[in-house]
Amino acid sequence: MTTFADLGLSQKVLSAVTDAGYTTPTPIQAGAIPPALMRRDICGIAQTGTGKTASFVLPMLTLLEKGRARARMPRTLILEPTRELAAQVAENFEKYGKNHKLNIALLIGGVSFDEQDRKLERGADVLICTPGRLLDHCERGKLLMTGVEILVIDEADRMLDMGFIPDIERIAKLIPFTRQTLFFSATMPPEIQKLADRFLQNPERIEVAPPSSTAKTVTQRLVASNSKDWDKRAVLRDLIKEQTDLKNAIIFCNRKKDVAELFRSLDRHGFSVGALHGDMDQRSRTTMLANFKDNNITLLVASDVAARGLDIPDVSHVFNFDLPIHAEDYVHRIGRTGRAGRSGSAFSIVTRHDTKFLDAIEKLIGQKIEWLNGDLSTLPAPTENDREERRGRGKDRGRNKNASHKTDTRNGQNTTEETADRMEQVKQDRRSDKRTQNNNRDQRHNTAPNPANDDNQRRRNRYHDYDDGPTPVGFGDDIPAFMLITVNSKG
Ligand code: AMP
């Protein structure tokens, strides 16, 4: 069996790995570390939870032992799609690099430029960034990328989802062609493959676990519920109380509004609970995560955007309060538990309107998920009240007047209309996330859009960092000039 000592890592790195308590490299580590140490490009297809972070951090630490950083000229650059992931990678450098004296700079939004500038001035061996913030620093003329020897593009499929690829292309153009590039993605659809072909030269390709698989250590169950939110909340509370082995849990909702609502409800019912969603400011999110990791709170209600990719080891349970509308999100959510070979449980609340999503999930993961206490047919039939209410809601929204009234033959319910409504709501939610965040970004920088600067403007318009900054209050920093004029009230 391969050991860490077989991989060619330096003594300093090996001793930090031993101190971290790891004895055997994971498959992505065993596959990627030796070629990375030989300065080969890497194309790693691996999800979070597979030990992928260490598979680039460990060889980078070894390679960085030769040479020194110069002011404003970072030696290596790691690009991450979200602030949380960037912060997580920085933590990995601290853990595995404890025997090194390396300067690590974390350039993420929501933190002051001055502090980041000071770090860059000192000379950074490792720069860990979200793409937008890195470009901002470059535009301010505070960074020279010509000394970058290693470029890591992590979570490439998420970068694509979030509209960051043009930014990454711009960044790659600033870095010498002779660099080594380490590229990681959880999935490799054709457009990601094309990207990899553009960025990599003769890469070593390492693929671990197929992208659609859920860990074997996770017990998955479906729980039937009526579709009203208060029904689902009661089902969830009972489920949580029934779990004798629950240490902590992440509870997923599809919409940030529902995250807030469910959080308030659980709090009212006396559960130890916190919430994580894209509208929270960075400080609250960091505090919330720290509290969850330190077991100060037991339950964390979260949206996909806020929680995807987070490395929270040792989560015993995942609850899907809503079944995700994108099947891949199911795999990502379930992946929050059962990490590093531990066992975990995942419960999904399923209503009659979810059958389409459930089918897609079961098709993706290639297995049927067991029902906990009987399937949807065991639920009491919806009352005339329920039906009335649904019809009433439909009338309120003119859009539904012409909606199709196809019937799902398996459960005898009119699911098509409801399903379309829900998908539209989630889409609207995500669109509003993007709008908020575009606003935040402009307001934080206090830069009125400047049509003269087309390039900048285009980038801002498509800037999709869902995890960007707080929602502004009132006018935020952009108070119109006429409101600042002093008026002499005495006339
Ligand atoms: P990652 O895929 O980088 O998010 O890592 C998932 C988790 O696995 C992290 O909590 C790591 O600390 C842990 N881990 C990384 N490498 C190993 C290893 N060789 N053995 C056991 N756990 C590991």
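Worth a mention:
- Residue that is most open to solvent (accessible area, probe 1.4 Å), among those in the stretch 349-377 that are of a type in the set (Gly, Ala, Ser) and not in a loop (DSSP other than H, G, I, E, B): Ser377
- Among all residues of the stretch 282-293, there is at least one that is under 21 Å from the mean Cα position of the chain (by Cα), open to solvent by 30 Å² or more (accessible area, probe 1.4 Å) and among the hydrophobic types (A, V, I, L, M, F, W, C).
- Among the residues of the stretch 310-330, those that are closer than 19 Å to Ser185 by Cα and within 16 Å of the ligand (Cβ to nearest atom) comprise Leu310, Asp311.
- Residue in the stretch 75-95 that is open to solvent by 30 Å² or more (accessible area, probe 1.4 Å) and more than 14 Å from the ligand (Cβ to nearest atom) present: no
- Qualifying residue in the stretch 331-348 (condition: in contact with a Phe, Trp or Tyr (Cβ under 6 Å, 6 or more places away or on another chain), open to solvent by less than 10 Å² (accessible area, probe 1.4 Å), within 16 Å of the ligand (Cβ to nearest atom) and at pLDDT below 95): yes
- Gly110 falls short on exactly one of the conditions (1) in contact with a Gly (Cβ under 9 Å, 6 or more places away or on another chain); (2) assigned to a helix (DSSP H, G or I), and that condition is (2).
- Filtered by the rule that a residue be surrounded by fewer than 20 Cβ atoms within 10 Å (Cβ to Cβ), at pLDDT below 85 and on the phi > 0 side of the Ramachandran plot, the stretch 294-315 gives a lone residue, Asp314.
- The set of residues in the stretch 27-45 being modelled with pLDDT of 95 or more, within 14 Å of the ligand (Cβ to nearest atom) and open to solvent by 30 Å² or more (accessible area, probe 1.4 Å) consists of Ala30 alone.
- In this entry, Arg68 passes the filter for residues that are surrounded by fewer than 21 Cβ atoms within 10 Å (Cβ to Cβ), of a type outside the set (Phe, Trp, Tyr), modelled with pLDDT under 90 and farther than 19 Å from Leu106 by Cβ.
- Only residues that are at pLDDT 90 or above and over 20 Å from the mean Cα position of the chain (by Cα) were counted across the stretch 102-116, and they come to 4.
- Selected residue (only one of Thr53, Thr48, Thr24 is farther than 17 Å from Gln180 by Cβ, polar (S, T, N, Q), open to solvent by 40 Å² or more (accessible area, probe 1.4 Å) and near the ligand (Cβ under 7 Å from one of its atoms)): Thr24
- Evaluating Leu7 against the criteria (1) out of contact with any Lys or Arg (no Cβ under 7 Å at 6 or more places or on another chain); (2) more than 13 Å from the ligand (Cβ to nearest atom) leaves one unmet condition, (2).
- The single condition from (1) more than 13 Å from the ligand (Cβ to nearest atom); (2) in contact (Cβ under 8 Å) with a residue 12 or more places away in the chain; (3) farther than 22 Å from Thr3 by Cα; (4) not aliphatic (A, V, I, L, M) that Lys98 fails is (3).
- Number of the condition not met by Lys66 [criteria: (1) more than 9 Å from the ligand (Cβ to nearest atom); (2) in a loop (DSSP other than H, G, I, E, B); (3) in contact with a helix residue (DSSP H, G or I) (Cβ under 8 Å, 6 or more places away or on another chain)]: (3)
- Taking each residue of the stretch 259-281 that is buried (at least 20 other Cβ atoms within 10 Å of the Cβ) and looking for partners that are in a helix (DSSP H, G or I) and β-branched (Val, Ile, Thr) with beta-carbon atoms closer than 6 Å, six or more apart or interchain, yields Ala275/Val259; His277/Val259; Gly278/Val305.
The values are calculated or read from the model by the stated rules, or taken from the named source; none is laboratory data. Given the structure is predicted, the values throughout are model-derived calculations rather than measurements. Virtual Cβ from ideal backbone geometry, glycine too; neighbours counted across all protein chains shown. Just so you know, the surface numbers come from the protein's heavy atoms only, side chains and all, with ligands and any DNA or RNA stripped out. Shrake-Rupley method; radii C 1.70, N 1.55, O 1.52, S 1.80 Å.
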